[in-house]
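The values are calculated or read from the model by the stated rules, or taken from the named source; none is laboratory data. In this text the structure is predicted, and so the values were computed from the model without any measurement. Virtual Cβ from ideal backbone geometry, glycine too; neighbours counted across all protein chains shown.
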Amino acid sequence: MRPTMLALLLTLALPATAPAQVSNLHSGAITAAVQKGVDDPAREADRHDDARRKVALVMTFAQVKPGQKVLELAPGSGYWTRVFSAIVGPTGHVYTVWPDEMAKFATKSLASWQQLVTTPHYANVSLLQQPAAQLSVPVPVDLVFTSQNYHDYHDPFMGPVDMARFDKQVYDALKPGGLFVVIDHVAPAGSGIADTNTLHRIDPAAVKREVEAAGFVFDGESNALRNPADPHTVKVFDKSIRGHTDQFIYRFRKPAN
């Protein structure tokens with residue numbers, strides 16, 4: 001057999017290499033910086049959730065590094081914020097956005113947050129209170145992160161927010177080459193945004209469509225929080241699935257130029 005023909009056959013037999021923007025279903029090796037952040041003694045109270053929330057895999061997939069600036073949307077209990085703070089360290093910063101509309105329904109969480117940002121250990125964390133539809137940050141950031149609340153921005157209690165404008169605000173908040181990482185509960189395929197205010201779920205395809213429309217490039221996904229046993233048809237607070245919903249993790253990149 002001729003060498004050129006053999007080379008052709010071997011090429012056809014090998015799996016095609018996926019383009020960089022196509023889904024990457026693995027979060028990669030856990031970096032030393034991420035592991036150090038996860039092991040921060042100040043996170044002791046959070047450790048019981050680490051295995052379920054796959055914190056080290058999520059942080060590695062989000063490509064968090066010391067010295068970075070992170071913008072976290074609707075931080076809730078602060079689970080993710082505390083590990084971000086530990087990873088970016090004293091030369092980095094974590095800006096947390098509490099939308100005014102959400103704060104009305106989470107007064108206790110907001111009060112604890114206002115206390116957290118005065119704690120010396122979290123000197124690199126800031127609280128930004130602002131209308132949901134008017135996202136802003138003092139300086140461009142390396143990463144915008146949202147966990148289980150992208151769907152909320154579609155709901156009446158948040159405005160609802162004009163998502164085309166909002167995703168453009170996220171885009172503008174990032175440095176060139178920066179990342180937008182979205183984690184949320186999976187809704188049935190093809191359902192779009194129909195379940196955001198009822199089941200508190202969203203179709204991953206709808207998120208991808210909205211975010212890409214703002215100029216982002218899809219940069220990969222992780223299956224770290226996927227659960228094929230989730231029927232996608234029950235509210236995320238239902239005791240049969242709460243804490244174990246099927247969740248997608250999408251990473252989008254702002255082009256470098």
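Of note:
- If only residues of the range 217-236 that are among the hydrophobic types (A, V, I, L, M, F, W, C) and closer than 15 Å to ILE249 by Cα are counted, the one that is surrounded by the fewest Cβ atoms within 10 Å (Cβ to Cβ) is VAL217.
- Output for the range 237-257, where each listed residue is of a type in the set (A, V, I, L, M), surrounded by 13 or more Cβ atoms within 10 Å (Cβ to Cβ) and under 30 Å from PRO140 (Cβ atoms): ILE249
- In the range 33-62, the residues that are closer than 15 Å to TYR79 by Cβ form Cβ pairs under 7 Å with partners that are surrounded by fewer than 20 Cβ atoms within 10 Å (Cβ to Cβ) and polar (S, T, N, Q), at six or more places apart or across chains, as follows: ALA56/GLN35.
- Filtering the range 152-168 to residues that are outside any helix (DSSP H, G or I) and under 19 Å from the mean Cα position of the chain (by Cα) leaves ASP155, VAL161.
- Candidates are the residues of the range 225-257 that are within 17 Å of PHE180 (Cα to Cα) and in a loop (DSSP other than H, G, I, E, B); the one that is modelled with the lowest pLDDT is ASN257.
A quick yes/no check of all residues on (1) surrounded by fewer than 17 Cβ atoms within 10 Å (Cβ to Cβ); (2) closer than 20 Å to ALA229 by Cα; (3) touching an Asp or Glu at 6+ places or on another chain (Cβ under 8 Å):
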{"site": "PRO176", "(1), (2), (3)": "yes, no, no"}
{"site": "VAL182", "(1), (2), (3)": "no, no, no"}
{"site": "HIS185", "(1), (2), (3)": "no, yes, yes"}
{"site": "GLY190", "(1), (2), (3)": "yes, yes, yes"}
{"site": "ASN197", "(1), (2), (3)": "yes, no, yes"}
{"site": "ARG201", "(1), (2), (3)": "no, yes, yes"}
{"site": "ARG209", "(1), (2), (3)": "yes, no, no"}
{"site": "ALA213", "(1), (2), (3)": "yes, no, yes"}
